[in-house]
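Where a number appears in this text, it was derived from the coordinates with a stated rule and is not lab data. The model shown is predicted, which means the values in this text are computed figures rather than measured ones. Using ideal geometry, Cβ is built from the backbone for each residue, glycine included, and neighbour counts are taken over all protein chains shown.
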Amino acid sequence: MASLMGAQTPAPKAAAAPAGDAQNGRKLFVSYGCYECHDREGQGGVGTGPRLAPKPLPYAVLSAYVRHPGGQMPPYTAKVVSDKDMADIYAFLLSIPAPPPVKSIPLLNN
């Protein structure tokens with residue numbers, strides 16, 4: 001947003017995700033059945049759930065959607081998935097590395 005003097009006003013920062021345990025998050029991702037639609041590494045699939053990782057949505061956006069989803073996803077209220085579990089699942093999604101660049105895979109460059 002520009003001020004009267006022409007300077008830019010910084011955009012508000014997104015709330016940081018709560019600390020979570022990625023190892024436990026991986027287990028929870030499986031036990032809550034997230035992998036059934038989003039696959040084991042959150043990569044999603046054709047005709048199933050969207051890609052969640054790498055580079056997941058901001059925590060506030062993802063957790064709000066999980067709690068009150070649209071479409072075919074069932075709601076996972078705080079009674080089902082605690083805030084702590086949600087933080088752990090998010091930590092797991094953050095821990096998933098990006099795939100290697102296509103140019104680094106010889107078989108794909110023939």
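Within segment 23-56, if we keep just the residues that are among the hydroxyl-bearing types (Ser, Thr, Tyr) and not in a loop (DSSP other than H, G, I, E, B), the residue that is surrounded by the fewest Cβ atoms within 10 Å (Cβ to Cβ) turns out to be Ser31. Of the residues making up segment 15-40, those that are free of Cβ contacts under 8 Å to residues at least 40 places away in the same chain and charged (D, E, K, R) are Lys27, Glu36, Asp39, Arg40.
Checked against (1) under 17 Å from the mean Cα position of the chain (by Cα); (2) part of a helix (DSSP H, G or I); (3) exposed (fewer than 15 other Cβ atoms within 10 Å of the Cβ), Pro74 passes all but a single condition, namely (2).
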